[in-house]
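The values are calculated or read from the model by the stated rules, or taken from the named source; none is laboratory data. Keep in mind the model is a prediction, meaning the values are calculated, not measured. Because the Cβ atoms are built from the backbone with ideal geometry, glycine has one as well, and the counts that use them run over all protein chains shown.
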DNA sequence: TATGAATGAGCTTTCATTCAT
DNA sequence: AATGAATGAAAGCTCATTCAT
């Protein structure tokens, strides 16, 4: 029974939370190149503490990015029980776009690329998306040869246009997501030249 | 027979070409953060030589990126006299995608953002795109509320999906460009929620 | 008995002191162009450590130079209450010369030129010198048209002769300071062709 | 008898002269750190040509500095036959100051320090100064224990004050040279604490 | 002999990571 | 568990000097 034991844990938990919150903001603002020092400063701790909680910067990236993917998976799961498959798919794409736009698409991509833990979260999301697309396809709302990966990639693509535009129009993706979803309609669809990717 | 002809320094010309080629590859692979040292190494010269040919790293970026935009503008100009406006637009989008995919989209964007010369090349391209879209619109091939900026952004977006996919499928963009262009058809088009951006 | 006392990082304090000492020597020997790498090597730390203690090279310059000027101002203030104004002025000039000689005149000048904080220290010294000269003038010890700036400049000048001489005669300035101060006597003084500078 | 021989020499001579002139200006303006590239540009040649005429930058420094010392030696020699020794000494000091001020004292010092050829020119000047001082001393115009080196060093010192002053007062040295020469009068001279240096 | 490109060591500064306290 | 200093490997860029033409 150590006499001076527990309170330290409370600090640690609070610090970890502060760090994640700070990292989210910094990564969103500065991208994956945000410096550990700035994140520490925003969290109100020193640099060394960052590395106690996250052994490398990459681990911190993974924690932030993984959380986003997990959040999206949860949304997908909820929507998979919605009565209107078409609306569910549209909502899923919008929610995804919103989060991607908020956190920075480039950041999330960089994160998944070099981190297996994040990659796994992302794969889970992919599975959820497949379910939603399958339901919409059965209802004749989207063309037959479209997959969950297609929808996710196209959503990323629509979000990407925001970053490529100078002025502050954070929801410009809505314009392009509309066009893209129009492009998925079965009527008069052109044949697609390449197979859908299995992963992304 | 000029007795004091300028030999034009064969090696200098070769080095400049090597540097541009190396920079293209490095920028494509590593993005705009590719280091001058790596570019020099790939070109088979020392760092100092890079700075003889391009006074700053930014000048090198501009040379690579500017060239790509110029190439695209030339293509657009040629296509603007094609008899089939719909086919011309599709070809333009494909050519654009091909070059964007090859060079690295993120790099080109970063280059235009912090380099006024590159930005100008890009603006010229935008003007050319507007002409092509205008012709296609008059033919009823694309919906009325779509602009050159829209088409360029959507093409970038389609290309972006390649970078977001792991396996080596360099022309995956063809799949998504098809979907996107399908989405531009006038028939049954959903209303677009945000105005088109003026610049990009 | 504070349970969480600040150890004050003994090694950090030692490193900071080593750095200042090393910088003093290097700046004295090589002038303001002494490299940060050499200073670090002499202090027995790595380059990065220098920048932890002094964010820029300029800050290090300012720390070394500012300290010297502050030391001189303190001496001037003490001497301004001495009962013998003539002796006080001579002592001030000697003390100034000693410090200037030790630190390297060119370095101190360069430091004041490009660093506002150092410039302020120097201006304060100028004010102190004016007080001492004013008192000596009232006692008829120096000619009427001489100012604090004159005395400081002439002291710098006397010190400068040491640097201009090859052999190791670090206090050669004493010889020339004597001549210069003799030149300030009121008796038989030649008219001075240019006004005294306001600053230096 | 080479058929295409001489004209080249004319070019070479002209280039050498241009280089010396350009170096004078650049060294005066930027000090000894003036870059070879800038000197070449001002002279209208390329960098490589500089090194054909002067094997190292140091040699170029030596050529410029040596010329100045030679010019001063010539003046001293002429003045050593003047009927008024006091006036001759004053004129010599003024001429010296003028040239030192024009060329940059720090530059000339740096030049003599690391270049034996310049050092020799300087030694010759020292001998000339000794003659002038000896004559003035015999006339009772300067104190007995003063040497040519003293006068040169004090002249340098007076000039040094110009560089140490911010505003553009290029002949401020006249003020301090007056004070310094007043300080050399035999009447009421304080004893000098250190022997005169043999070289400088 | 002149050219101007290539070289390579040097500079200040940044940053992820390690480690003594 | 937290601190904050030390580390060392980058980075972009400059410049005296060498060398092929």
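Tabulated data
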| item | result |
| --- | --- |
| Top-ranked residue of region D:187-200 - restricted to ones that are over 18 Å from residue C:141 (Cα atoms) and out of contact with any helix residue (DSSP H, G or I) (no Cβ under 6 Å at 6 or more places or on another chain), ranked as modelled with the lowest pLDDT | D:199 |
| Extreme residue, nearest to the other protein chains (Cβ to nearest Cβ), among residues of region A:11-36 that are surrounded by fewer than 14 Cβ atoms within 10 Å (Cβ to Cβ) and more than 9 Å from DNA strand F (Cβ to nearest atom) | A:33 |
| Some residue of region B:147-161 being more than 13 Å from chain A (Cβ to nearest Cβ) and in contact with a helix residue (DSSP H, G or I) (Cβ under 8 Å, 6 or more places away or on another chain) | yes |
| Of the criteria (1) farther than 26 Å from residue C:171 by Cβ; (2) modelled with pLDDT of 90 or more; (3) at the interface with chain C (Cβ under 10 Å from one of its Cβ atoms), which one residue D:140 fails | (3) |
| Residue A:152 vs. criteria in contact (Cβ under 8 Å) with a residue 60 or more places away in the chain, in a helix (DSSP H, G or I) and assigned by TED's automatic domain parsing to the domain that holds residue A:82 | no |
| Residue selected from region D:54-73 under the condition within 16 Å of DNA strand E (Cβ to nearest atom) and buried (at least 19 other Cβ atoms within 10 Å of the Cβ), by the criterion nearest to the chain's Cα centre (by Cα) | D:63 |
| Meets criteria (more than 24 Å from residue C:172 (Cα to Cα), buried (at least 18 other Cβ atoms within 10 Å of the Cβ) and at pLDDT 95 or above) for residue C:40 | yes |
| Residues satisfying the stated conditions in region A:37-49, i.e. more than 12 Å from DNA strand F (Cβ to nearest atom) and closer than 21 Å to residue A:11 by Cβ | A:39, A:42 |
| Residue list for region D:34-53, restricted to those being more than 8 Å from DNA strand E (Cβ to nearest atom) and over 11 Å from residue D:22 (Cβ atoms) | D:35, D:37 |
| Filter result for the condition that a residue is touching a residue at least 24 places away in the same chain (Cβ under 8 Å), away from DNA strand E (no atom under 16 Å from the Cβ), part of a helix (DSSP H, G or I) and in the same structural domain as residue B:146 (by TED's automatic domain parsing), over B:95, B:76, B:28 | B:76 |
| Exclusive hit being over 23 Å from residue A:166 (Cα atoms), crowded, with 18+ Cβ neighbours inside 10 Å and touching a residue at least 12 places away in the same chain (Cβ under 8 Å), set B:146, B:142 | B:142 |
| Test result for residue B:189, at the interface with chain A (Cβ under 7 Å from one of its Cβ atoms), touching a residue at least 40 places away in the same chain (Cβ under 8 Å) and part of a loop (DSSP other than H, G, I, E, B) | yes |
| Options D:52, D:68: the member that is away from DNA strand F (no atom under 15 Å from the Cβ) and either farther than 25 Å from residue D:159 by Cα or away from chain C (no Cβ under 14 Å) (or both) | D:68 |
| Some residue of region B:126-139 being within 20 Å of residue A:97 (Cβ to Cβ) and in a loop (DSSP other than H, G, I, E, B) | no |
| Given (1) part of a loop (DSSP other than H, G, I, E, B); (2) crowded, with 20+ Cβ neighbours inside 10 Å; (3) within 19 Å of the chain's Cα centre (by Cα), number of the condition residue B:199 does not satisfy | (2) |
| Filtered residues of region B:159-176 (kept if at pLDDT 90 or above and within 16 Å of residue B:28 (Cα to Cα)) | B:159, B:171 |
| Pick from region D:168-184, criterion at the interface with another protein chain (Cβ under 7 Å from one of its Cβ atoms) and not in a helix (DSSP H, G or I), ranking: nearest to residue D:136 (Cα to Cα) | D:184 |
| Scan of region A:99-117 for residues that are in a helix (DSSP H, G or I) and farther than 17 Å from residue A:165 by Cβ, ordered by number | A:99, A:103, A:107, A:108, A:109, A:110, A:111, A:112, A:113, A:116, A:117 |
| Residue count for region C:155-173, restricted to those that are buried (at least 17 other Cβ atoms within 10 Å of the Cβ) and touching a residue at least 24 places away in the same chain (Cβ under 8 Å) | 8 |
| Count of residues meeting criterion [within 12 Å of another protein chain (Cβ to nearest Cβ) and under 12 Å from the mean Cα position of the chain (by Cα)] in region C:74-103 | 3 |
| Filter result for residue D:45 (surrounded by 16 or more Cβ atoms within 10 Å (Cβ to Cβ) and not in a helix (DSSP H, G or I)) | yes |
